[in-house]
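What follows is a set of notes on a single structure, which appears directly below.
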Amino acid sequence: MELQFALSEIEQAAQQFWAGIGSARVFAFHAPMGTGKTTFIAALCRAKGVVKGISSPTFSLINEYETKSGSTLYHIDLYRLRDAEEARQAGVEDVLHSGHICFVEWPEKAPGILPDDTMHIKLAIRPLPTSVGVVDSRYLCTFTNTSHESA
C-alpha cells in the first residue's frame, strides 16, 4: 500500500493508514533524519485518540501514550542505541511483544528484535510541481508486511 500526502493532509493520511493496515501492531519507520517520522507518528497517535504528550522519544527511548478509550500505544526511538542487545537491555523487546501498538523509529539499529509480523513503513519527501510552478513537498509513505526490511 502507498500513501502520498502533503503536510496539510497528514491527519487524513493517518486515517487512511489505519483503514488500510489490517491487524498489524508493530510499525517500523525507515527514513532519513528529518523526513517526518515523528510528525507522521504523532498524526497516527492523534487518529487513535491520543490527546496529549506526543513527542519524540529520542532521549527517553520509549514514550507511552494513552488514548481516550484507555488503550496504550508505544513510540520507540532506537537512534541512540548501538545494537539489538542494548535495545533488549533497555526493555524494548518486551514492549514490542506486549500486544500493544508500537511505532519504532530507526529500526535498522536493532532489526533482530522486531516481531516477524512487523509492518515496515518507508517514508520519503518528494517534490511536487503545483499548477503555478511552485514545488511543494509531498510525503510518500510505502508500507509492506515483510519482516526485518532495511531502509
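Evaluate the following for ALA28: is it buried (at least 17 other Cβ atoms within 10 Å of the Cβ), touching a strand residue (DSSP E or B) at 6+ places or on another chain (Cβ under 9 Å) and over 26 Å from TYR139 (Cβ atoms)? So ALA28 fails the test. If you go through region 45-63 one residue at a time, how many are more than 12 Å from ALA14 (Cβ to Cβ) and in contact with a strand residue (DSSP E or B) (Cβ under 6 Å, 6 or more places away or on another chain)? Residues that pass the stated criteria total 4. Beta carbons closer than 6 Å, at least 6 apart along the sequence or on distinct chains, pair a first residue in region 71-96 that is acidic (Asp, Glu) with a second that is part of a helix (DSSP H, G or I) and buried (at least 17 other Cβ atoms within 10 Å of the Cβ) for GLU93/ILE113.
To keep it simple, each residue is scored yes or no on (1) surrounded by fewer than 19 Cβ atoms within 10 Å (Cβ to Cβ); (2) touching a helix residue (DSSP H, G or I) at 6+ places or on another chain (Cβ under 9 Å); (3) at pLDDT below 85; (4) within 16 Å of ARG25 (Cα to Cα).
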| position | (1), (2), (3), (4) |
| --- | --- |
| GLY99 | yes, no, no, yes |
| ASP117 | yes, no, no, yes |
| SER131 | yes, no, yes, no |
| VAL135 | yes, no, yes, no |
| ALA151 | yes, yes, yes, no |
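Of the residues making up region 1-40, just one is of a type in the set (D, E, K, R), closer than 21 Å to LEU114 by Cβ and either free of Cβ contacts under 8 Å to residues at least 12 places away in the same chain or not in a helix (DSSP H, G or I) (or both), namely ARG25. Of all residue pairs spaced 6 or more apart or on separate chains, those with beta-carbon atoms under 6 Å, a first member in region 44-60 that is at negative phi and a second member that is part of a loop (DSSP other than H, G, I, E, B) and of a type in the set (Val, Ile, Thr) are CYS45/ILE54.
Residue count for region 41-75 satisfying the condition of being part of a loop (DSSP other than H, G, I, E, B) and surrounded by 15 or more Cβ atoms within 10 Å (Cβ to Cβ): 5. Screening the candidates LEU7, LEU73 for the property of being aliphatic (A, V, I, L, M) and under 26 Å from PRO127 (Cβ atoms) yields one hit, LEU7. Checked against (1) in a strand (DSSP E or B); (2) of a type outside the set (Ser, Thr, Tyr); (3) under 16 Å from PRO111 (Cα atoms), ALA87 passes all but condition (1). Considering region 72-97, and only residues there that are touching a Phe, Trp or Tyr at 6+ places or on another chain (Cβ under 9 Å) and not aliphatic (A, V, I, L, M), the residue that is farthest from ALA28 (Cα to Cα) turns out to be THR72. Looking across region 102-113 at every residue that is touching a helix residue (DSSP H, G or I) at 6+ places or on another chain (Cβ under 9 Å) and surrounded by fewer than 20 Cβ atoms within 10 Å (Cβ to Cβ), the one that is modelled with the highest pLDDT is identified as LYS109.
The values are calculated or read from the model by the stated rules, or taken from the named source; none is laboratory data. Nothing here was measured: the structure is a model prediction, and the numbers come from that model. Note: ideal-geometry Cβ built from the backbone for every residue, glycine included; neighbour counts use all protein chains shown.
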